[in-house]
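S.K.: Encoded as C-alpha cells, here's the structure I'll be asking about.
What follows draws every value from the coordinates through simple rules; no lab data is involved. Computed from a prediction, not measured in an experiment: that's the story for all the values here. Note that each Cβ is placed from the backbone with ideal geometry, even for glycine, and that neighbours are counted across all protein chains shown.
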Amino acid sequence: MQRIGDAPAVRRGLIGAALVLSALFLLLPLVAIFAQAFTQGMGVFWANVSDHYTLRAIGLTLFITVLTIPVCLVFGVALAWLVTRFSFPGRRLLQTLIDIPFAVSPVVAGLIYLLLYGRNGWVGGWLDGHDIQLMFAWPGILMVTIFVTCPFVARELIPLMQAQGSREEEAAVTLGASGATIFRRVTLPNIRWALLYGVILTNARAVGEFGAVSVVSGAIRGQTNTLPLHLEQLYQDYNTVGAFASAALLALIALFTLAAKAGLEWRAARREA
Amino acid sequence: MFKPSWIRRGILAAALGSSVVVATPALAQERELLNSSYDIARELFSAINPDFIAYWEAEHGESVGVQQSHGGSSAQARAIMQGLRADVVTYNQVTDVQVLADAGLVAEEWQQALPNNASPYYSTTAFLVRKDNPKGIESWDDLVREDVRIVFPNPKTSGNGRYTYLAAWGFAEQAFDGDEEQIHDFMRTFLRNVAVFDTGGRGATTSFIERGLGDVLISFESEVNNIRGEYGSDDYEVIVPPVSILAEFPVAVVESNAQRNGTEDLARGYLDYLYSEEGQRTLAGFNYRVHHEAVVEEFAEQFPETELLRVEEVFGSWEQAMEAHFAGGALLDQLQRR
Amino acid sequence: MSLALPRLTGRRRVLPGFGLSLGISLMFVSLVLLLPMTSLVGQLSGISLAEYWAIISDGRVVASYTVTIGAAALAALVNGAFGLLLAWVLVRYEFPGKRLLDALMDLPFALPTAVAGITLATLYASNGWMGRLLEPLGLQVAYTWVGIALAMAFTSIPFVVRTVQPVLEDLPQEVDEAALTLGASDATAFRRVILPHLWPALVTGTGLAFVRSLGEFGAIIFIAGNMPFETEITALMIFVKLQEYDYVGASAIASVVLMVSLALLLAINVWQGRFIKRLHGGRG
C-alpha cells in the first residue's frame with residue numbers, strides 16, 4: 001500500500017531535513033547548557049548544585065509545583081467537561097477567557113496580582129491590616145504560578161473530548177452508572193494521555209516560570225527565590241558555571257518529565273498491542 | 001488504574017519534603033533582619049553580613065540572622081511599598097529611598113539620620129577598556145568618536161545607566177560651557193555610539209566581556225574594578241575619567257517594618273556597622289570609596305583623584321534630573337529619537 | 001480528523017456534573033483570572049482617553065509594535081513550515097531516533113524562557129558556536145531583529161507541531177490512496193488533498209505561536225540588543241514603565257497587547273468553528 005511521500009528519496013530528504021533542523025534549532029541549545037555547566041568539571045558542577053541557596057531554591061520550586069498541579073488538574077477537567085459535554089450560553093466566551101494567561105505577558109500577570117494583593121491594592125490593604133502576607137512570600141508565588149499554568153490541562157482536553165463526543169458516557173448513564181463511576185471508568189481511560197500531556201506542560205511551566213514570579217517574589221535569598229530566579233542571580237554574579245548548573249538542573253527536570261511521558265506512552269502502546 | 005500508586009506516593013513524598021524545606025525558617029527563633037538592596041551588591045553583603053552577625057553576637061550576646069534581597073533599586077523600593085517587609089534598605093540612588101520616605105515608610109529626615117547624607121560609601125562612574133586601551137580612551141569626549149562603540153545599561157531601567165548618562169551630561173556641560181545645542185549634539189552622538197542596551201549593569205558586563213561587544217564598558221568604579229579582578233587583570237584596564245559624577249549609596253531604616261518585626265535596634269546597629277572601621281574596610285575591599293580616615297589612607301592608591309560632580313549641583317536636584325531627563329518623553333527620549 | 005467532529009452534545013443534559021463543573025469553572029475563572037484583571041482596569045480608569053492614546057501611540061512604543069509584530073510574524077511563518085515538516089516526519093515515517101525527536105519537540109515548553117534566552121544569546125553571539133559560523137556569511141543574528149524572531153520561533157515551535165500532529169494521525173489512509181490512484185504526484189496530492197485537511201490545525205497552531213510570541217519577554221531580552229526604535233519589543237516597553245513606577249503606562253501598553261492577543265485567540269476559535277461547519281456542510 002502506498003501513501004503520499006513514501007518514495008525513498010522524498011522520505012530520506014524530509015527526515016534528513018527534519019533531523020538537521022531540529023538538531024541545530026532545538027538540540028544544540030540543550031547541548032550548550034550542559035557544556036557550559038560542566039566546563040569546569042563535575043566537582044564544580046556538584047559544588048554549585050549542592051550549595052545551600054541552590055537547594056533551598058530547588059525545594060521551593062518543587063513545593064510550588066506540587067501544589068500547582070492538582071489545582072490545575074481539577075480546574076482543567078471541570079472546565080473541559082463543562083464546555084464539551086454541555087451547551088449553554090457563553091460557552092465560547094468561557095473558552096476564550098481561559099486563554100487570558102496565554103495572552104498576558106508574564107510580567108503583566110505578576111503585576112496585576114501585585115496591584116490587587118500588594119499592600120496598596122484593595123484586597124492587599126485589608127490583608128495587611130490582618131497581618132496576612134501573600135505577596136513576597138510563597139503564597140504569592142503559588143498564585144501567579146497557578147495563573148500562568150491553568151490553561152494547559154483544559155487546552156489539551158477540550159479538542160480531544162470534543163472529538164470523542166459523549167456517546168459512551170451517555171450509554172453509561174442509561175446503564176445507571178453514577179457520575180463518579182462514569183468519569184473514572186469511561187472518560188478517564190479515553191483522555192488519560194491528553195491529561196498526562198497537560199500535566200507535563202503544567203509541570204514544566206510551573207518549574208520554569210520566571211517573569212511573573214520575579215514580580216511577586218521579593219527575591220529573598222533562601223526564602224522566596226525559586227530556581228529560575230536563583231539562576232538569574234548567579235548569572236548576574238558572574239557565576240556562569242553556577243547559572244548553567246542550575247539551568248542544567250531545570251533542563252534535567254524537563255527531560256525527566258518528557259522521558260516519563262514517553263515511557264508511559266510506550267507501556268500503554270505495548271499493552272494495547 | 002490511571003495513576004499508579006508509586007506516582008501518588010512520589011508526589012506525597014515530594015510535597016512533604018519540600019514543605020519541610022520551606023517551613024524551616026519558621027522554626028528558627030532568632031531575630032532576623034531583611035536588607036533590601038541593589039542588584040550588584042550581592043557579594044558585598046554576603047561578605048558583610050557574617051561579620052556583622054559576629055560583631056552583634058560579641059557586642060550584645062544575641063545571635064541574629066540577616067537575609068538579603070537584591071534587584072533593580074527602583075523595583076526593590078516598589079516591592080517595599082507593596083508590602084515586602086524589609087527592615088533596612090541599602091540602595092544606589094537617593095530617589096529610591098526618597099519615594100519610601102514620601103510614602104511614610106522611611107523617616108522624613110532620613111538623610112540627616114546618619115553621617116554623609118546617610119551614604120556610608122560612594123563611588124563614581126568609570127570605564128573598562130580592553131587590553132592596552134587600543135582606542136586610547138581617556139575621557140568622555142573620546143566616547144563620541146566615530147570609531148568607538150560603548151556598552152552601558154539602559155538608563156530607563158537601570159540606576160547604573162542613569163549615572164552614566166548624567167556623568168556624560170555633566171562633562172558636556174563643563175566642556176561646552178552650558179551651550180545647550182552643543183550639549184545635546186554631544187549626548188545624541190554619545191547615545192548613538194551605544195552598541196547594546198542591556199536592562200541591567202550585569203547584563204551589560206556580559207555583553208562586553210562574554211560577547212565581545214563594544215570598546216568600552218561604563219559602570220561604577222567599584223564594579224569595573226571587580227570585573228577586572230573577576231575576568232583577569234591582564235585583559236582589561238580601568239580608566240577613571242578626570243571628571244565624573246558622584247554616586248552615593250544611601251541607606252535607611254524602614255521604620256514601619258522594623259517596628260512591626262521588632263528589629264529597630266538591630267536595623268540601626270546594622271547601618272551603624274557600615275560606618276565602622278571594620279565595615280568600611282570591607283567596603284573598600286570591594287572597591288567602594290569610603291569616609292573612615294584610617295581606611296581611606298590605607299586604600300589611597302586604589303582610588304585616583306578625580307573631580308566628582310554632584311547631581312544636585314549640575315541638575316538642581318534628583319527630582320529635577322529625573323523629571324527633565326528620564327521621564328517618559330523627556331530629554332533622554334528626545335535625544336534617542338532618530 | 002479530530003477537529004472535524006463537532007457535536008452539539010448534551011442538549012438535554014443527560015450527563016451528570018453540570019452544576020459541579022460549572023461551579024468549579026466559574027469560581028476559578030472569576031477568582032484566578034478575572035479578579036486580578038480588575039486591577040488593570042482600575043489603573044486605566046484613572047486616565048482620560050486622550051492620555052491613554054498618548055501613551056500607546058508614543059513614537060518609541062509604536063516602533064516596538066512594529067518590531068514585535070514583524071518578528072512574531074516571521075517566527076510564525078517559519079514555524080508554520082518547520083512545524084508542518086516535523087509533524088509530517090513524526091507521523092508518517094519510522095526511523096531511528098524518532099522517539100527522541102518527538103520528545104525534543106516539547107523542550108521549548110519545558111525549558112524556562114530565561115534559560116532559553118541566555119543559551120540562545122550565548123550560541124548566536126559573534127563568538128558563540130553558531131555566531132562564529134554565521135557572521136562570516138554576513139548574517140548577524142544576536143542583537144538584531146533576526147535574533148528576536150529566532151527566540152520567538154524557539155519558544156513557540158511546539159504549538160504548531162502539537163496541533164498538527166494529532167490531526168495528521170487521524171487522517172485515514174483512504175485519503176492518500178484516493179489521491180494517488182488518480183495519478184497525482186506527491187507534491188500535487190499533498191497540496192490538493194492533505195493540506196486542506198491540515199489547514200485549520202496549521203492555522204490554529206501558527207496563530208497560537210504568533211500570540212505567544214507577542215507576549216514573550218524572558219527569552220528575547222537577552223538576545224535583542226534593546227536599541228530604541230530598532231530592537232525594542234513591546235514587552236520591554238511594559239517592563240521599562242514598571243521600572244519607572246509608571247503603573248498606568250505599563251497597564252495601558254499591556255492592555256493593547258492583551259486586547260490584540262485576545263481578539264486573535266477569539267478569531268481563531270470562531271474561525272475554527274466556521275471552517276469545520278463549511279467543510280462538512282449541513283452535518284455540523
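S.K.: Find the centroid of the Cα atoms in region B:58-105 and in region B:222-248, then give the distance between the two in whole Å.
M.R.: So the separation of the two Cα centres works out to 27 Å.
S.K.: Could I ask something else about it? Taking beta carbons within 10 Å but only from partner chains, what does the mean come to for residues A:180-193?
M.R.: 1
S.K.: Right, here's the next one. Expressed as a whole number of Å, what is the distance separating the alpha-carbon centroids of region C:18-72 and region B:268-327?
M.R.: Taking the Cα centre of region C:18-72 as reference, the centre of region B:268-327 is 42 Å away.
S.K.: For region C:69-83, what does the Karplus curve 6.51 cos²θ - 1.76 cosθ + 1.60, with θ = phi - 60°, yield as ³J(HN,Hα) per residue in whole Hz, taken in order and with x for Gly and Pro?
M.R.: 5, x, 5, 5, 5, 4, 4, 5, 4, 4, 5, x, 5, 4, x
S.K.: At 222 nm, what value in deg cm²/dmol follows for chain A if DSSP H runs of at least 4 each add -39500 (n - 2.57) and the sum is divided by all its residues, to the nearest 500? Could the numbers behind the result be given before it?
M.R.: On the way: 16 runs with 208 residues, N = 273.
One gets -24000 deg cm²/dmol as the mean residue ellipticity at 222 nm.
S.K.: Show me B:209-219, B:272-282 ranked by packing, highest mean number of other Cβ atoms within 10 Å first.
M.R.: Values: B:209-219: 22.4, B:272-282: 18.4.
Result, highest mean first: B:209-219, B:272-282.
S.K.: Moving on. Toward the positive end of the charge dipole of region A:147-273, about the Cα centre and with charges on Cβ (Lys, Arg +1; Asp, Glu -1), which of A:Ala243, A:Gln223, A:Leu188 goes farthest?
M.R.: Toward the positive end, the furthest listed residue is A:Leu188.
S.K.: In debye, nearest 20: dipole of chain C around its Cα centre with unit charges on the Cβ of K, R (+) and D, E (-)?
M.R.: Using Cβ point charges on Lys, Arg, Asp and Glu, chain C gives about 1060 debye.
S.K.: Could you go through region C:208-215 in sequence order and give the Karplus-derived ³J(HN,Hα) for each residue, using 6.51 cos²θ - 1.76 cosθ + 1.60 with θ = phi - 60°, rounded to whole Hz, and x for Gly and Pro?
M.R.: Once θ is set to phi - 60°, the couplings for region C:208-215 become 4, 4, 4, 4, 4, 5, 4, x Hz.
S.K.: In addition: Can you pull the mean other chain C-beta count within 10 Å for peptide B:195-208? Display every interim value, and only then the final one.
M.R.: Working: counts 3, 7, 10, 5, 8, 2, 1, 6, 6, 0, 2, 9, 6, 0.
Going residue by residue through B:195-208 and averaging, the value is 5.
S.K.: Write down, largest first, the equivalent ellipsoid semi-axes of the protein assembly as shown in whole Å, where each equals the square root of 5 times an eigenvalue of the alpha-carbon gyration tensor. Write down the numbers at each step before the final one.
M.R.: Values: eigenvalues 504, 198, 131 Å².
Here the semi-axes work out to 50, 31, 26 Å.
S.K.: Related question: For region A:52-86 and region C:126-141, what is the separation of their C-alpha centers, rounded to whole Å?
M.R.: Centre-to-centre distance over Cα atoms comes out at 41 Å.
S.K.: Taking the Cα centre of the protein assembly as shown as origin and charging only Cβ (+1 Lys, Arg; -1 Asp, Glu), how large is the dipole, in debye to the nearest 20? Don't skip to the answer; put the middle values down first.
M.R.: Values: 63 positive and 83 negative charges, 1462 e Å.
Charge dipole of the protein assembly as shown: 7020 debye, to the nearest 20.
S.K.: Now for a different question. Along the charge dipole of region A:1-129, Cβ charges K/R +1 and D/E -1, which of A:Leu79, A:Tyr113, A:Ala35 sits furthest on the positive end?
M.R.: Highest projection toward the positive end goes to A:Leu79.
S.K.: State whether chain C is rounded, prolate or oblate according to the following rule on the C-alpha gyration tensor (a ≥ b ≥ c being the square roots of its eigenvalues): a/c under 1.5 gives rounded; otherwise a/b larger than b/c gives prolate, and the remaining case gives oblate.
M.R.: Details: a/c = 2.11, a/b = 1.20, b/c = 1.77.
Cα axes put chain C in the oblate bin.
S.K.: Which residue, A:Leu24, A:Leu249, A:Leu134, has the most motion in a Gaussian network model of chain A that connects Cα atoms within less than 10 Å?
M.R.: So, out of A:Leu24, A:Leu249, A:Leu134, the one fluctuating most is A:Leu24.
S.K.: Please sort B:252-258, C:244-250, C:42-48, B:188-194 by packing, taking for each peptide the average over its residues of neighbouring beta carbons within 10 angstrom, highest first.
M.R.: B:252-258, C:244-250, B:188-194, C:42-48
S.K.: What is the set of long-range amide H partners of B:Leu33 at a cut-off below 5 Å, with H atoms built 1.01 Å from backbone N?
M.R.: Hits under the 5 Å cutoff: B:Gly65, B:Val66, B:Gln67.
S.K.: Give me the percent relative contact order of chain B, please, defined on Cα pairs under 8 angstrom at least 6 residues apart. Could the numbers behind the result be given before it?
M.R.: Details: 538 pairs, mean separation 74.8, N = 338.
With pairs under 8 Å counted, the relative contact order is 22 percent.
S.K.: May I pose another question? Determine, from the Cβ-Cβ distance of C:Ser30 and A:Ser178 and an R0 of 35 Å, the FRET efficiency 1/(1 + (r/R0)^6), rounded to the nearest 0.05. Don't skip to the answer; put the middle values down first.
M.R.: Details: r = 29 Å, r/R0 = 0.82.
About 0.75, to the nearest 0.05.
S.K.: Springs between alpha-carbon pairs under 10 angstrom, Gaussian network model over chain A: which of A:Val186, A:Val173, A:Val213 fluctuates most?
M.R.: A:Val173
S.K.: May I ask you to evaluate 6.51 cos²θ - 1.76 cosθ + 1.60, the Karplus curve with θ = phi - 60°, for each residue of region C:43-48 and list the ³J(HN,Hα) values in order in whole Hz, giving x for glycine and proline?
M.R.: For region C:43-48, the Karplus-derived couplings read 4, 6, 5, x, 10, 7 Hz, x marking Gly and Pro.
S.K.: Sticking with this structure for a sec: Tell me, what is the percent relative contact order of chain A, built from C-alpha pairs under 8 Å that lie six or more residues apart? Please report the intermediate quantities before stating the final value.
M.R.: Details: 284 pairs, mean separation 81.5, N = 273.
The value is 30 percent.
S.K.: Follow-up. For a test of the definition: using alpha carbon positions, the gyration tensor, and the 1.5 limit on a/c, classify region A:41-272 as rounded, prolate or oblate.
M.R.: Numbers: a/c = 2.72, a/b = 1.45, b/c = 1.87.
It comes out oblate by the Cα gyration axes.
S.K.: Mean Kyte-Doolittle hydropathy of -0.5 or higher plus an axial Cα length of 18 Å or more: which whole DSSP H helices in chain A meet both?
M.R.: Working: long enough: A:8-22 (21 Å, 1.17); A:52-85 (50 Å, 1.60); A:151-164 (20 Å, 0.46); A:188-208 (29 Å, 0.80); A:240-272 (47 Å, 0.87).
In chain A, the long hydrophobic H runs are A:8-22, A:52-85, A:151-164, A:188-208, A:240-272.
S.K.: Kyte-Doolittle cut-off -1.0, length cut-off 30 Å along the helix's own axis using Cα: show which whole DSSP H helices in chain B pass.
M.R.: B:5-27
S.K.: For chain A, modelled as a GNM with alpha-carbon contacts under 10 angstrom, which of A:Ser178, A:Ser50, A:Ser105 fluctuates the most?
M.R.: Highest fluctuation of the listed residues: A:Ser178.
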